[in-house]
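Chemist: Take a look at this one; I'll ask things after.
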Amino acid sequence: MTASAEPLEPPPASRAGLLLTDRMLTVFISLLVLTQAAIAGHSNKLFGSINIEIHGMVGNAVFTLLVVSLVIAAVTRAGTARLATLAALTVLATAQIGLGYMGRNSTEAAGWHVPLGVAIFGLTIYNLVLNRAQHARRNLADS
């Protein structure tokens, strides 16, 4: 019997927990990025309102969750496409946070903040699709 014909064993409980956490983080990050757009879009003033302060706090949380998600994806061997997407999202989130703070005093930085946010949202949805496909493949292999 070849190695590929042997039945696959289910992942250990610790890895299964990481895979579930990975799925939940992927969905949560996507929802938080969408929430950020909604908060910014409903703000009366783009500078100095409480909505924008919350928007910034959520942005910092997204960055932190992206770092955690990247580490989990690396540990669970999520694949090159997911790792590259999460690494790109982490770098873009870093730039986005910088632009957000610089945008308080610079209209040029604020002007780049919005399209970068749109790109980040698109990449989070791409990451969500990759994550769902990855888990579907694992579920097929387990059955």
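The values are calculated or read from the model by the stated rules, or taken from the named source; none is laboratory data. Model, not experiment: these values are computed from the prediction. All Cβ positions, even for glycine, are placed from backbone atoms using ideal geometry, and neighbour counts span all protein chains on display. Surface accessibility is based on the protein's heavy atoms, side chains included, excluding ligands, DNA and RNA. Shrake-Rupley method; radii C 1.70, N 1.55, O 1.52, S 1.80 Å.
Chemist: I'm trying to understand the selection: among the residues of the range 101-114, which are open to solvent by 30 Å² or more (accessible area, probe 1.4 Å) and touching a helix residue (DSSP H, G or I) at 6+ places or on another chain (Cβ under 7 Å)?
Modeler: Scanning the range 101-114 gives MET102, TRP112, HIS113.
Chemist: I'm trying to understand the selection: among the residues of the range 41-61, which are more than 22 Å from the chain's Cα centre (by Cα) and either modelled with pLDDT of 95 or more or in a helix (DSSP H, G or I) (or both)?
Modeler: ILE50
Chemist: Sticking with this structure for a sec: Kindly indicate whether any position in the range 21-40 is among the charged types (D, E, K, R) and either more than 27 Å from GLN96 (Cβ to Cβ) or modelled with pLDDT under 65 (or both).
Modeler: Within the range 21-40 (the criterion being among the charged types (D, E, K, R) and either more than 27 Å from GLN96 (Cβ to Cβ) or modelled with pLDDT under 65 (or both)), the answer is no, since none of the residues qualifies.
Chemist: Related question: Within the range 86-100, can you find the residues that are loosely packed, with under 15 Cβ neighbours inside 10 Å and over 26 Å from ARG23 (Cβ atoms)?
Modeler: Result: ALA95, GLY98.
Chemist: Also, quick follow-up: Can you pull out every residue in the range 86-115 that is among the aliphatic types (A, V, I, L, M) and either modelled with pLDDT of 95 or more or under 14 Å from VAL62 (Cα atoms) (or both)?
Modeler: Residues satisfying the conditions are LEU86, ALA87, ALA88, LEU89, VAL91, LEU92, ALA93, ALA95, ILE97.
Chemist: Moving on to the next point. May I ask you to verify whether LEU123 is closer than 14 Å to SER30 by Cβ, within 12 Å of the chain's Cα centre (by Cα), open to solvent by less than 30 Å² (accessible area, probe 1.4 Å) and not polar (S, T, N, Q)?
Modeler: No, not satisfied.
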